[in-house]
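One structure is given below, encoded as structure tokens.
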Amino acid sequence: LYVIDYEMSLTSGDGIAIYKVDNTGSLAIDNDTIAGAMLSQTWIHGRAMVQVLADPVIVAISSTSGSLNVSPVDSGTNQIFMTRLTILKIS
């Protein structure tokens, strides 16, 4: 069992979700983990408890549709992009 916590700023409205390995061995979206926003430059924050039964443990944070573009925190010449991901294993 894992606690997965993520946060990022997107350039456009989008949905983000956790993908995990399903019983066929492929990455599949965990519908209970979808977070989204309709506006651009919006911070997305998602947190979920995810049980991964396959070994090795593989998860991904990705867009639910289309392409995912993380927006810069500072739009000046020194653009800073921020994505935070924390994974905590619970035994």
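For the range 1-71, the pair-distance distribution built from all alpha carbon pairs, in bins 10 Å wide starting at 0, is 21, 50, 24, 5 percent.
Taking amide H atoms as placed 1.01 Å from N in the peptide plane, the amide H of V52 lies under 5 Å from those of Y2, each 5 or more residues away in sequence or on another chain.
Each value in this text was obtained by applying a stated rule to the coordinates, not by laboratory testing. All values derive from a computational prediction rather than experimental measurement.
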